[in-house]
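Q: Questions regarding the structure given below will be posed in turn.
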Amino acid sequence: MTTVSLDSTTLAAAAYDDRRETLQLDFRDGTRYMYSGIAPNLYHELLRASSKGSFFNQHIRNDFPYVKIAPKN
């Protein structure tokens, strides 16, 4: 997975694994979550969204299974 920095006040970075359809999101507050069941087109829509945080809240948050994971130091 390659990490992409995001221009967002909520999200700091995203990394996507297309084989597993998992999306790792790093938040500006330092938390990190891994979402599963994310189709490639949804990931690309997130990257193209004018507001990444709003897109996340409307299309990903509460709609896909996730786990909180420890951030890298």
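Q: Loop only by DSSP, 11 or fewer other Cβ within 10 Å of the Cβ. Give me the trypsin sites (Lys or Arg not before Pro) in the chain that pass, ordered by residue number. Each step should come with its number before you reach the end.
A: Values: sites: R19, R20, R28, R32, R48, K52, R61, K68, K72; in loops: R19, R20, R28, R61, K72.
Sites meeting the loop and neighbour criteria: R19, K72.
Q: Continuing with the same structure: Rolling a 1.4 angstrom probe over the protein heavy atoms, how many square angstrom per residue are accessible across the chain?
A: Numbers: 4670 Å² over 73 residues.
Normalised by residue count, the accessible surface of the chain is 64 Å².
Q: Tell me the label-point distance for the pair M1, N57, using the 7 Å Cα-to-Cβ offset, in nm and rounded to one decimal.
A: So the two model labels end up 2.4 nm from each other.
Q: Whenever you get a sec, compute what percent of the accessible area on the chain sits on carbon and sulfur atoms (1.4 Å probe). Please report the intermediate quantities before stating the final value.
A: Working: 2110 of 4670 Å².
Carbon and sulfur together cover 45 percent of it.
Q: Please list, in chain and number order, the residues 5+ apart from T10 or on another chain whose amide H is under 5 Å from its amide H, with Hs placed from the backbone.
A: Sorted by chain and number, the residues that satisfy this are G53.
Q: Once Lys and Arg get +1 and Asp and Glu get -1 on their Cβ, which of S50, I69, L11 lies farthest toward the positive end of the dipole of the chain?
A: I69
Q: Quick check for me: using +1 on Lys/Arg Cβ and -1 on Asp/Glu Cβ, what's the dipole size of segment 29-73 about its Cα centre, in debye to the nearest 20?
A: On the way: 6 positive and 3 negative charges, 32 e Å.
Dipole magnitude for segment 29-73 comes out near 160 debye.
Q: Which whole-Hz couplings ³J(HN,Hα) result when phi for each residue of segment 54-68 is put into the Karplus expression 6.51 cos²θ - 1.76 cosθ + 1.60, θ = phi - 60°, listed in order with x for Gly and Pro?
A: 5, 4, 4, 5, 7, 10, 10, 4, 6, 10, 9, x, 8, 9, 7
Q: Moving to a separate point now. I need the P(r) histogram for the chain: all alpha carbon pairs, bin width 10 Å from 0 out to the longest distance, whole percents.
A: Bins of 10 Å from zero give 21, 62, 17, 0 percent of pairs.
Q: Quick check on the chain: helices-only [θ] at 222 nm, where DSSP H runs of length 4 and up contribute -39,500 (n - 2.57) each and the sum goes over total residues. Nearest 500, please.
A: On the way: 2 runs with 17 residues, N = 73.
Calculated mean residue ellipticity at 222 nm is -6500 deg cm²/dmol.
Q: Round to the nearest 0.05 the FRET efficiency obtained for S36 and T10 when R0 = 25 Å and r is the Cβ-Cβ distance. Present the calculation step by step, with values, prior to reporting the outcome.
A: Numbers: r = 20 Å, r/R0 = 0.81.
For S36 and T10, the calculated efficiency is 0.80.
The values are calculated or read from the model by the stated rules, or taken from the named source; none is laboratory data. What you are looking at is a predicted structure, and each value in this text was computed from that prediction instead of being measured. In this analysis, Cβ positions are derived from the backbone assuming ideal geometry, glycine residues included, and neighbour counts consider all displayed protein chains. All accessible areas refer to the heavy atoms of the entire protein, side chains included, with ligands and DNA or RNA removed. Shrake-Rupley method; radii C 1.70, N 1.55, O 1.52, S 1.80 Å.
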